[in-house]
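The values are calculated or read from the model by the stated rules, or taken from the named source; none is laboratory data. Here the structure is a predicted model, which is why all the values come from computation and not from measurement. Ideal geometry is used to build each Cβ from the backbone, glycine not excepted, and the neighbour counts take in all protein chains shown.
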Amino acid sequence: MSWRIRFCWSALRNLVENALRFTPSGGVLIGARRRGNRIRIDVVDTGVGVPPDRWEDIFEEFVQVDNPGRRLGLGLGLGLAIVSRIAKLLGAAIEVNSKEGRGSRFSLLLPEAEPVQAAQDESAPEFEDPGGRVLIVEDDAIALRSLEAALADWGYEPVAAPTGEEALRVAEAEGWRFGAIVADQHLGAGLTGVNTAKEIVRRSARYMPALILTGDTSKEGISEISASGFQIMHKPTAPESLRRSLARLMKG
């Protein structure tokens, strides 16, 4: 099963669980239909509903409209936040239509996948996945899992770390045996992606190519990465672009 299918399934599961949790009576309906070049998956319920002024809020972490007392039986308020992040990774969109006391419809609009054979024929002349071990450094848990799944599907052996400091410990424990590093630039309060990659190169006493992922569009942020000599890739990252870039790095 490809990483896209796994994450699509995860998003749908969270939508269904959310609908069931907030539907004390009535039912939940799941449907799918084509809309232009997208596939729309609908999860419709007859639950408590959401007021229009809260439609955006419910996709934030730990937000629940109908759980002021934080009853654990209604979860932690992470389900829709996870769906939102997965949708961004998939290049999908989310639509909400809800009425208080009458229910909700959550729709996930997925881009239509290219035919498998066509995609293979198009990509085959350009590159081959060389495989090998790749160190991934990413502090966002969902993005980290997405990268791990994608690289595994492409034939690599991913090793993950959530911070630069942890990446240094992991890399040393593994004897610096990596063909490349894929790191987010901003990793919280600790080391940046660039500084992590530089320190790994210094400690291992050998050059290791790195792909630095960033959503920073400032001149200073881009200049810092460019000056490091590592390759830069801007977020959101298209999977096939990441795949090609990583293949080139691993081949040297």
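Can you name the residue in the stretch 23-53 that is in a strand (DSSP E or B) and acidic (Asp, Glu) and is also surrounded by the fewest Cβ atoms within 10 Å (Cβ to Cβ) among such residues? Among residues in the stretch 23-53 that are in a strand (DSSP E or B) and acidic (Asp, Glu), the one surrounded by the fewest Cβ atoms within 10 Å (Cβ to Cβ) is ASP42.
Selection of the stretch 6-43 for residues being over 18 Å from ALA87 (Cα atoms) and either among the hydrophobic types (A, V, I, L, M, F, W, C) or not assigned by TED's automatic domain parsing to the domain that holds VAL96 (or both) yields LEU20, PHE22, VAL28, LEU29. Each residue in the stretch 215-225 was checked for being surrounded by 13 or more Cβ atoms within 10 Å (Cβ to Cβ) and either at pLDDT 90 or above or in a helix (DSSP H, G or I) (or both), and 4 pass.
Residues that are over 20 Å from TYR156 (Cα atoms) and assigned to a loop (DSSP other than H, G, I, E, B) occur at least once in the stretch 173-186. In this structure, does ALA205 turn out to be touching a helix residue (DSSP H, G or I) at 6+ places or on another chain (Cβ under 8 Å) and closer than 20 Å to ARG133 by Cα? Against the criterion (touching a helix residue (DSSP H, G or I) at 6+ places or on another chain (Cβ under 8 Å) and closer than 20 Å to ARG133 by Cα), ALA205 does not qualify. The sole residue among ALA197, ALA173, ALA205, ALA189 that is hydrophobic (A, V, I, L, M, F, W, C), closer than 19 Å to LYS235 by Cβ and in the same structural domain as ALA143 (by TED's automatic domain parsing) is ALA197.
Restricting to the stretch 187-208, name every residue that is surrounded by fewer than 20 Cβ atoms within 10 Å (Cβ to Cβ) and in a loop (DSSP other than H, G, I, E, B). Those that are surrounded by fewer than 20 Cβ atoms within 10 Å (Cβ to Cβ) and in a loop (DSSP other than H, G, I, E, B): GLY188, ALA189, GLY190, ALA205, ARG206, TYR207, MET208. Criterion first (more than 22 Å from GLU172 (Cα to Cα) and assigned to a helix (DSSP H, G or I)) does ILE232 satisfy it? Criteria not met by ILE232. Given the condition of a type outside the set (Lys, Arg), surrounded by fewer than 19 Cβ atoms within 10 Å (Cβ to Cβ) and either in a strand (DSSP E or B) or modelled with pLDDT of 75 or more (or both), answer yes or no: does some residue in the stretch 64-82 qualify? There is at least one residue in the stretch 64-82 that is of a type outside the set (Lys, Arg), surrounded by fewer than 19 Cβ atoms within 10 Å (Cβ to Cβ) and either in a strand (DSSP E or B) or modelled with pLDDT of 75 or more (or both). Looking across the stretch 164-187, the residues that are among the hydrophobic types (A, V, I, L, M, F, W, C) and under 20 Å from ARG248 (Cβ atoms) come down to PHE178, ALA180, ILE181, VAL182, ALA183.
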